[in-house]
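The next block holds one structure in the form of C-alpha cells; read it before the comments.
Rule-based calculations on the coordinates, nothing more; no lab input. Small disclaimer: the values here were computed from a predicted structure and weren't measured. Backbone-built Cβ (ideal geometry, glycine too); neighbour counts: all protein chains shown.
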Amino acid sequence: MLTRQNIDYKRIRIVRILVTFNNNNTNYGTGFFIGSHGLILTCAHVILGKDFKFVKKDKEFIDAQGAGNQEKAANYHLLLTNNIKVKLEDGTFRQVNLEKINPDYDIALLRVTEVNFDHPYFKVNKAMEPYLGEDISFYGFPSVLGHTPDNSPFVVNRSIISTFPEVEIAGGKYLHMQINATTIGGISGAPIFKGNENTVVGIINGNYHWALNNIVCRSDNGDRVLSTKVPLGIGYATSMKVINENTDIFSN
C-alpha cells in the first residue's frame with residue numbers, strides 16, 4: 001500500500017520538464033533525479049520535441065554532423081532548442097543542459113547548470129529483470145484538464161506489467177515493458193517502481209492510441225486540426241536494465 005511518506009519521498013525527486021525551441025514551440029514531460037549534483041533522467045522525445053521516427057525525417061537531423069544517431073541528435077538539439085528548464089517540487093525553476101542522449105532507446109540525461117547544485121535523488125536498479133504480472137507504480141506530470149504544462153498537478157499511478165513486446169514506440173525497435181495503464185502527454189519520463197519501493201526500475205516512454213488520423217474543423221475563425229487519437233489503457237516503458245545494457249547513459 002502506498003503511504004503519504006512513500007509518495008512524498010518520490011515527489012521531491014521528480015521534476016516537470018519544459019522545453020522551448022527557437023521557433024517558440026514548446027514541449028513538456030517528466031524527469032527524475034539520479035545523481036546528487038543535478039543529474040536528471042528523461043525521455044529523448046521530450047527533449048527533441050517528437051518521436052525519433054519523425055526526427056529522422058527532418059532536414060536538420062539529416063544534415064546534422066555526427067558519427068551516429070547519438071551525436072546527430074545532440075547537434076540537432078543544439079541547433080533547434082532555445083532552453084530547457086525544470087520545475088522542482090518547491091515551485092522553483094532551474095536551467096538544465098543536455099548531458100547525453102540516445103534517441104534509439106528514447107533516453108536523455110540532463111544536468112542542472114547551477115554550480116554546486118545538490119538535491120535528493122533516486123537509486124537506480126540497473127540489473128532487475130522485470131517479470132509478467134509484477135505490480136508497479138509511476139509518478140509524474142501528465143496533461144490534466146484545466147491546467148497548463150507548467151502547473152499541472154503531480155499524479156500517482158499504479159499498474160502491472162502485462163507483457164514485453166519488441167516494438168517501436170518513441171525510439172527505435174527494442175524490448176519494452178507493456179503496462180495496463182493509460183499514459184498521456186506529459187507523463188513521458190516518469191520513473192517506474194516495483195510496488196511501493198523507492199528504487200527506479202524503468203521509465204515511461206509511450207502509449208497506444210486508437211485511431212491514427214486527424215480531422216479538420218472549419219469555422220468562421222478558421223480551420224483547426226483536431227486529433228482523433230484516443231489513449232487506451234496501454235502504456236509502454238523501458239527498463240533500466242535495457243538502458244544500462246544498450247546505452248552509455250550511466251557511464252561516467
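A few points about this structure:
- Projected label distance in nm at Lys59 and Asn252, using a 7 Å step from Cα toward the beta-carbon: 4.4
- The trypsin sites (Lys or Arg not before Pro) of the stretch 123-174 meeting both criteria, a DSSP state outside H, G, I, E and B (loop) and at most 11 other C-beta atoms within 10 angstrom of the site's C-beta, are Lys123.
- Cβ crowding within 10 Å ranks His147, His45 as His147, His45, fewest other Cβ atoms first.
- Hits among aspartates and glutamates - C-alpha to C-alpha of Lys123 under 18 Å, sequence gap 8 or more where chains match: Asp8, Glu197, Glu245, Asp248
- 27 Å Cα-Cα reach of Lys53 towards lysines, excluding residues that sit fewer than 8 places from it in its own chain: Lys72, Lys85, Lys100, Lys126, Lys173, Lys229, Lys241
- Relative exposure of Met240, Met128, judged by other C-beta atoms within 10 Å (fewest first): Met128, Met240
- Computed over the stretch 1-148, the ratio Rg/Rh where both radii use C-alpha atoms and Rh is Kirkwood: 0.99
- Of [x] 40; [y] 37; [z] 54, the label for percent of Cα pairs over 26 Å apart derived from the coordinates: [y]
- Separation between Cα centres of the stretch 1-20 and the stretch 149-198, rounded to whole Å: 15
- Shown in residue order for the stretch 53-70 are the 3J(HN,Hα) couplings computed by the Karplus curve 6.51 cos²θ - 1.76 cosθ + 1.60 at θ = phi - 60°: 4, 8, 4, 4, 8, 6, 4, 4, 6, 4, 7, 5, 6, x, 7, x, 4, 5 Hz (x for Gly and Pro).
- Along the stretch 83-93 the Karplus relation, 6.51 cos²θ - 1.76 cosθ + 1.60 evaluated at θ = phi - 60°, assigns HN-Hα couplings of 6, 10, 9, 10, 9, 7, 4, 7, x, 8, 10 Hz to successive residues, with x for each Gly and Pro.
- One compactness figure for the stretch 1-79 is 1.38, namely its Cα radius of gyration divided by 2.2 N^0.38 Å.
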